[in-house]
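Colleague: Questions regarding the structure given below will be posed in turn.
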Amino acid sequence: HSWGSMLAMEWLVTKRPSNVRSVIFAGECLSVPRYIEDANALIKTLTPESQAAIAEAERTGNYNTPGYQAAFVRDWAPRYLTRTATPANNDFLRRAFAGNGGAIYAQMWGPSEFKCTGVLKSFDRTKDLSSLRLPVLFHSGEFDECRPETAKEHAAMTPGAEFTLITGAAHLTMLDAPTASNDAVRKFLARVET
């Protein structure tokens, strides 16, 4: 899921493991440049206040302003990260983006989901999709920040790949629609393991 799709793809391409029977790319990001294009399109759907705060942070390089943080927490996250905000989800997200997790995230990615300045900013393995010779499922939330349109394009670039859309879910399909998300995975695995 998410940056885990990068790890899986990198492993498949560089190690060429013979014992892997299938792969699921859920909420995948196999091209950071494309993800950023998509994120820029999604930014245009945010409130004018959020768009202004993001533009100001881009102009100044200061991503620690209350307005920029609010653009993520109050506008981006409930639209494109998880549409089912609960105390448990909020705690999960707080832990993922704060403390040491936040430092690792910033090093790898950058200041927010919609701004990549970290070591992954040039990651792009889409040219390798055509070399995959195993069953592949692309799995995406309807409102995923890793846009389903892009996942469908990546599936079309992959021989024999399938695409499943999880309706009503954002990026964290396992939180927004756990039953539908698990069912899609189970059905795929049942087919490829028989």
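Colleague: Of the residues N89, N182, which single one is at pLDDT 95 or above, more than 23 Å from V13 (Cα to Cα), surrounded by fewer than 19 Cβ atoms within 10 Å (Cβ to Cβ) and touching a helix residue (DSSP H, G or I) at 6+ places or on another chain (Cβ under 8 Å)?
Modeller: Matching residue, one of N89, N182: N182.
Colleague: Separate question: Check T164, T117, T158 and return the single one that is buried (at least 19 other Cβ atoms within 10 Å of the Cβ), β-branched (V, I, T) and part of a loop (DSSP other than H, G, I, E, B).
Modeller: Matching residue, one of T164, T117, T158: T158.
Colleague: Specify which of the listed residues (V23, V13, V32) is within 13 Å of T150 (Cα to Cα), modelled with pLDDT of 95 or more and among the β-branched types (V, I, T).
Modeller: V32
Colleague: I would also like to ask the following. Let me confirm something: among N62, N19, which residue is open to solvent by 40 Å² or more (accessible area, probe 1.4 Å) and closer than 30 Å to L134 by Cβ?
Modeller: N19
The values are calculated or read from the model by the stated rules, or taken from the named source; none is laboratory data. Since the model is a prediction, treat every value here as computed from it, not as a measurement. No Cβ is skipped: glycine too gets one built from the backbone with ideal geometry, and neighbour counts run over all protein chains shown. Remember, those area values only see protein heavy atoms, side chains included, never the ligands or the DNA or RNA. Shrake-Rupley method; radii C 1.70, N 1.55, O 1.52, S 1.80 Å.
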